[in-house]
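Novice: I have a structure here, written as structure tokens, and I will follow up with some questions on it.
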Amino acid sequence: MHRTSYKETLSNSVSFFQRNGGTVMKDKIFGVLQRVGRSFMLPIAILPVAGLLLGVGGSFTNETMLETYGLLNLMGPGTFLNAILQVLSAAGDIVFTNLPIIFAMGVAIGMAKKEKEVAALSAAIAFFIMHASIGAMINNNGGAEAMLDGATTSVLGITSLQMGVFGGIVVGLGVAALHNRFYKIELPQVLSFFGGTRFVPIISGIVFTAVGILMYYIWPVIQSGIYAVGGVVMESGYAGTWLYGLMERALIPFGLHHVFYLPFWQTALGGSMEVGGRIVEGAQNIFFAQLADPSVTHYSVSATRFMTGKFPLMIFGLPGAALAMYHTAKPEKRKAAAGLLLSAALTSMLTGITEPLEFTFLFVAPVLYVIHCVLAGLSYMLMHILGVGVGLTFSGGLIDLFLFGVLQGNAKTGWLWIVVVGIGYFVVYYLLFSFLIRKLDLKTPGRDDSQEVKLYRRSDVEARKHQGDGAAEAVLSEEDALSAAICRGLGGKANISDVDCCATRLRCTVHQSDLVDDALLKSTGASGVVHKGNGVQVIYGPRVTVIKSNLEDYLEHAPMEEPDAAPSSRPVPPSGETRQPEQMQNGADSCKTADDTQTSEAPEQVIRTDIIYSPVTGTAADLSETPDEAFAGRMMGDGAMVIPSESEVTAPADAEICFVFDTCHAIGLRTAGGTAMLLHMGIDTVNLNGQGFTVLVKDGDQVKKGDPLMRLDLDYLKAHAPSLASPVLCTELEPSQRIRLLAEGEVHAGDPLFAVETLRTGQPSQTV
């Protein structure tokens, strides 16, 4: 075999770097930015709720509005409703007031790989310490009076620098980096108590004490730079607004739009203004500060210029594009396209979440998306020119328009211009998209002969996942079926490095991007898949948070398959019951008896027999008698069932422990002969959360036949479990293998229970 020399290896590595170094670096930067962007989503997600509270409370406590609509007697000062609305307003305002610490904790949670709750606590501690250090430096150097006007503010009662959410983001990113580096640290024995996760808040506090001191000297310079950049944006006028809108849409396919717009919304880049006697920075913060101030007669257009342009686009423009795609679909596919496009259009109109619709045409007709970006910039610019002052919480749908436009009155917001411009946008999008789709023969939904136009349901995912599999594998929970399909689409568990999501996208990092199956991912209901380096974004729409949670739960115990394994060959059991054990290297020797060379009716067919012994004393029976459909139907594997009468559970063969379920009710192991097994003690015992089980082994332990594995509290289990029937399963039988039951009725631990017979290649297998 040819061996590559060290010199050759080094030379090849250098050559590769020269060819691909730039690409690798860009992909790495993109991956970091993507993680930062998605980490923003947790704190951003609270803004709609806070905005709703502030919008309702602020609107209906505004005396001018109440007088205009004749509601003073019902909701005016001194009434019960007014008191309730004041509470709502205060509840919403407190969120916007304390966004810096919310961002600090949210970003830390988003960037932390594991033990996210520790990262959140550490971020809060670091935030307090940093600002306390800054406050001490200010007091030691003449106090706030010695600083420039507007340079200081009160942060949670601490006199500190006006850092806004930038301060929170700095803390969140810094703590996350420290957390990921040190949360598993092992200290010397004398200090071992402070190791692991306990070390994270300690090191975070130390580091951010130093950061606070440095910020006292560094931040005023940074602040001046931010003001300068913000000034350039403001002075660029309408052209700058158009460019902002174009860039915000153009970055959506890359998932970097949060990184782009957030500084404008939350920092001095978006301007600063005195509202209610205090300096407020950031376009969104200015708007909501004005919303809470009853003395404001018209909301600042210089702030809302970074928000208002979304309304004509999302409520009117994109629905016009959807109508165009519907009318240009082939007649026989128009009905199917209608279901897809109508739901996406309504989502855009009501909530302002546009990606399900945008990604419908982005990947099949990118020229339409380019035009869409240009028109998006124009929408922002028109709203700026017309002086429209409607803000928003997250996206520009009808809900935000009603709360922050209609309810505030046209005099304060100019919201009627949104309707006027919006109607024009609907017509333009409809006519332009219709013309280009027909002219260029763009394959939008319903125009591709080879494409089935439909909204994929979970039943479709189920059917595809089990295509070619046995009928026994067809009954799975919907959540695990979908998660299993997504896992396979991403190249298998072994190929998945990181899983997270934003408002509409499942954001994953994979080891090998070429193993990702876009078609399979789209069959799970995704409207598009975005690749950039090792980053993969799967667009699902607003339900993505549930999908992400289910996928994380599934990955906790999913098989660690090789990335190139055939997806259809790996059955995925239902959630909460049984799961296949982790893949392991087969042992060198199998556990054999004198029966190894014995044969049944056709001696020449059986080439190997492995005996599995009863793990408990009790009553043995055929697996089909198990009072559970999944087990009885051999959907999880084949074997036998035993109802224990004694508490001790022992190893059914020489084996290695692959895993112990967190709920302690099941143990996965692989015998010395390579047979993957699962001992599942009782039915639905996963719901007991470990009660009634005492596990005596751990992952990786080597055990001999008869070694104790766990003890059962039979009295407790009889009282709380539906049944004590315990399946003893072989989970990865080959087509050439079969199970032969050796015991029925009374059986003792260590007695032969069933045989695993391997047939000569080409002979059909069956359960005997």
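Novice: Mind checking which pairs have a first residue in the stretch 312-340 that is within 12 Å of Arg447 (Cβ to Cβ) and a second that is β-branched (Val, Ile, Thr) and modelled with pLDDT of 85 or more, Cβ under 6 Å, 6 or more apart or different chains?
Specialist: Taking only residues 6 or more apart or on different chains, the pairs are Thr328/Ile437.
Novice: Yes or no: the stretch 317-336 includes at least one residue that is crowded, with 24+ Cβ neighbours inside 10 Å, assigned by TED's automatic domain parsing to the domain that holds Tyr430, assigned to a helix (DSSP H, G or I) and not aliphatic (A, V, I, L, M).
Specialist: Checking the stretch 317-336: at least one residue is crowded, with 24+ Cβ neighbours inside 10 Å, assigned by TED's automatic domain parsing to the domain that holds Tyr430, assigned to a helix (DSSP H, G or I) and not aliphatic (A, V, I, L, M).
Novice: Also, quick follow-up: Taking Ser300, is it farther than 21 Å from Ala50 by Cα and among the hydroxyl-bearing types (Ser, Thr, Tyr)? Explain how you work it out, then say what you get.
Specialist: On the way: farther than 21 Å from Ala50 by Cα: no; among the hydroxyl-bearing types (Ser, Thr, Tyr): yes.
No, not satisfied.
Novice: Out of Asp707, Asp699, which single residue is assigned by TED's automatic domain parsing to the domain that holds Ile739, within 21 Å of Tyr554 (Cα to Cα) and in contact (Cβ under 8 Å) with a residue 12 or more places away in the chain?
Specialist: Values: Asp707 fails: within 21 Å of Tyr554 (Cα to Cα).
Going through Asp707, Asp699 in turn, the sole match is Asp699.
Novice: Here's another thing I want to ask about it. Please pick out the residue among Thr599, Thr619 that is in the same structural domain as Lys718 (by TED's automatic domain parsing) and modelled with pLDDT of 90 or more.
Specialist: Thr619
Novice: Then there's this: Can you tell me how many residues in the stretch 95-109 are within 16 Å of Thr393 (Cα to Cα) and either in contact with a Ser or Thr (Cβ under 7 Å, 6 or more places away or on another chain) or without any contact (Cβ under 8 Å) to a residue 12 or more places away in the chain (or both)?
Specialist: So the answer is 1.
Novice: Here's something else I'd like to know. Restricting to the stretch 49-58, give me the number of residues that are modelled with pLDDT under 70 and buried (at least 21 other Cβ atoms within 10 Å of the Cβ). Outline the logic, then answer.
Specialist: Initial filter on the stretch 49-58 (modelled with pLDDT under 70): 51-52, 55.
Filter again for buried (at least 21 other Cβ atoms within 10 Å of the Cβ), leaving 51, 55.
Counting residues in the stretch 49-58 that are modelled with pLDDT under 70 and buried (at least 21 other Cβ atoms within 10 Å of the Cβ) gives 2.
Novice: Now, a different point. Among the listed residues Phe193, Phe127, which satisfies the condition of being in a helix (DSSP H, G or I) and under 28 Å from the mean Cα position of the chain (by Cα)? Step through it out loud before you land on a result.
Specialist: Working: Phe193 fails: under 28 Å from the mean Cα position of the chain (by Cα).
None of the other options fit; the residue is Phe127.
Novice: Identify, from the list Ser723, Ser736, the residue that is under 30 Å from Arg608 (Cβ atoms) and surrounded by fewer than 19 Cβ atoms within 10 Å (Cβ to Cβ).
Specialist: Details: Ser723 fails: under 30 Å from Arg608 (Cβ atoms).
After applying the criteria, what remains is Ser736.
Novice: Right, something else. Test each condition in (1) free of Cβ contacts under 8 Å to residues at least 60 places away in the same chain; (2) within 20 Å of Ile657 (Cα to Cα) for Ala676 and report the one that comes out false.
Specialist: Of (1) free of Cβ contacts under 8 Å to residues at least 60 places away in the same chain; (2) within 20 Å of Ile657 (Cα to Cα), only one is false for Ala676: (1).
Novice: Suppose we filter the stretch 365-418 for residues that are without any contact (Cβ under 8 Å) to a residue 24 or more places away in the chain and over 18 Å from Leu243 (Cβ atoms); how many remain?
Specialist: To start, the set of residues in the stretch 365-418 that are without any contact (Cβ under 8 Å) to a residue 24 or more places away in the chain comprises 366, 370, 402, 406, 410, 416.
Subset that is over 18 Å from Leu243 (Cβ atoms): 366, 402, 406, 410, 416.
Residues in the stretch 365-418 being without any contact (Cβ under 8 Å) to a residue 24 or more places away in the chain and over 18 Å from Leu243 (Cβ atoms): 5 in total.
Novice: For the subset of the stretch 365-398 comprising residues that are among the aliphatic types (A, V, I, L, M) and touching a Pro at 6+ places or on another chain (Cβ under 8 Å), which member is nearest to Gln266 (Cα to Cα)?
Specialist: Going residue by residue through the stretch 365-398, those that are among the aliphatic types (A, V, I, L, M) are 365, 367-368, 370-371, 374-376, 378, 381-383, 385-386, 388, 390, 392, 398.
Add one more test, that the residue is touching a Pro at 6+ places or on another chain (Cβ under 8 Å), and what stays is 382-383.
Numbers: Leu382: 23, Met383: 20 Å.
The extreme case among them is Met383.
Novice: Turning to a different aspect of this structure: When you look at Thr197, is it over 30 Å from Leu375 (Cα atoms), surrounded by 17 or more Cβ atoms within 10 Å (Cβ to Cβ), modelled with pLDDT under 85 and among the hydroxyl-bearing types (Ser, Thr, Tyr), yes or no?
Specialist: On the way: over 30 Å from Leu375 (Cα atoms): yes; surrounded by 17 or more Cβ atoms within 10 Å (Cβ to Cβ): yes; modelled with pLDDT under 85: yes; among the hydroxyl-bearing types (Ser, Thr, Tyr): yes.
So Thr197 fits the description; yes.
Novice: Which residues, counting only those in the stretch 630-683, are out of contact with any Asp or Glu (no Cβ under 9 Å at 6 or more places or on another chain), farther than 21 Å from His720 by Cβ and among the acidic types (Asp, Glu)?
Specialist: The one that is out of contact with any Asp or Glu (no Cβ under 9 Å at 6 or more places or on another chain), farther than 21 Å from His720 by Cβ and among the acidic types (Asp, Glu): Asp638.
Novice: So, restricting to strands (runs of 3 or more DSSP E) that lie completely within the stretch 710-756, which ones have at least 2 residues that are more than 36 Å from the chain's Cα centre (by Cα) and modelled with pLDDT of 90 or more? I'd like the intermediate steps shown before the answer.
Specialist: Details: elements: 726-730, 737-741, 745-747.
Answer list for the stretch 710-756: 737-741, 745-747.
Novice: Filter the stretch 495-532 down to the residues that are in a loop (DSSP other than H, G, I, E, B) and modelled with pLDDT under 85 and list them by number. First the steps, then the outcome.
Specialist: First, pick out the residues of the stretch 495-532 that are in a loop (DSSP other than H, G, I, E, B): 502-504, 511-512, 516-517, 524-527.
Correct list: Cys502, Ala503, Thr504, Gly525, Ala526, Ser527.
Novice: Oh, and also: Output the residues belonging to the stretch 533-562 that are on the phi > 0 side of the Ramachandran plot and at pLDDT 75 or above.
Specialist: Step one: list which residues in the stretch 533-562 are on the phi > 0 side of the Ramachandran plot, which gives 533, 541.
Result: Gly533, single match.
Novice: Turning to a different aspect of this structure: Please work out if Tyr216 is within 30 Å of Ser379 (Cβ to Cβ) and at pLDDT 80 or above.
Specialist: Working: within 30 Å of Ser379 (Cβ to Cβ): no; at pLDDT 80 or above: yes.
So Tyr216 fails the test.
Novice: If you take the residues of the stretch 404-441 that are assigned to a helix (DSSP H, G or I) and of a type in the set (S, T, N, Q), which of them is surrounded by the most Cβ atoms within 10 Å (Cβ to Cβ)? Outline the logic, then answer.
Specialist: Pass one, the stretch 404-441, residues assigned to a helix (DSSP H, G or I): 404-406, 410-413, 416-440.
Right, trim to of a type in the set (S, T, N, Q) and you get 410, 413, 434.
On the way: Asn410: 12, Thr413: 25, Ser434: 18.
Checking each candidate, the answer is Thr413.
Novice: Also, quick follow-up: May I ask you to list the residues in the stretch 524-555 that are buried (at least 18 other Cβ atoms within 10 Å of the Cβ) and more than 22 Å from Leu251 (Cβ to Cβ)?
Specialist: Thr524, Gly525, Ile547, Asn550, Leu551, Tyr554
Novice: Answer yes if at least one residue in the stretch 740-762 is without any contact (Cβ under 8 Å) to a residue 40 or more places away in the chain, in the same structural domain as Glu646 (by TED's automatic domain parsing) and closer than 17 Å to Met641 by Cα, and no otherwise.
Specialist: Within the stretch 740-762, none of the residues are without any contact (Cβ under 8 Å) to a residue 40 or more places away in the chain, in the same structural domain as Glu646 (by TED's automatic domain parsing) and closer than 17 Å to Met641 by Cα.
Residues checked against (1) part of a helix (DSSP H, G or I); (2) under 23 Å from the mean Cα position of the chain (by Cα); (3) touching a residue at least 24 places away in the same chain (Cβ under 8 Å); (4) crowded, with 21+ Cβ neighbours inside 10 Å:
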{"residue": "Ala119", "(1), (2), (3), (4)": "yes, yes, yes, yes"}
{"residue": "Asn139", "(1), (2), (3), (4)": "yes, no, no, no"}
{"residue": "His179", "(1), (2), (3), (4)": "yes, yes, yes, yes"}
{"residue": "Lys184", "(1), (2), (3), (4)": "no, no, no, no"}
{"residue": "Pro201", "(1), (2), (3), (4)": "yes, no, yes, yes"}
{"residue": "Val207", "(1), (2), (3), (4)": "yes, no, yes, no"}
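Novice: Determine whether the stretch 636-653 contains at least one residue that is modelled with pLDDT under 85 and among the β-branched types (Val, Ile, Thr). Explain how you work it out, then say what you get.
Specialist: As a first pass, look at the stretch 636-653 and keep what is modelled with pLDDT under 85: 636-637.
Checking the rest, the ones that are also among the β-branched types (Val, Ile, Thr) come to none.
Scanning the stretch 636-653 turns up no residue that is modelled with pLDDT under 85 and among the β-branched types (Val, Ile, Thr).
The values are calculated or read from the model by the stated rules, or taken from the named source; none is laboratory data. Computed from a predicted model, the values in this text were never measured in an experiment. Every residue, glycine as well, gets a Cβ built from its backbone with ideal geometry; the counts of neighbours run over all protein chains shown.
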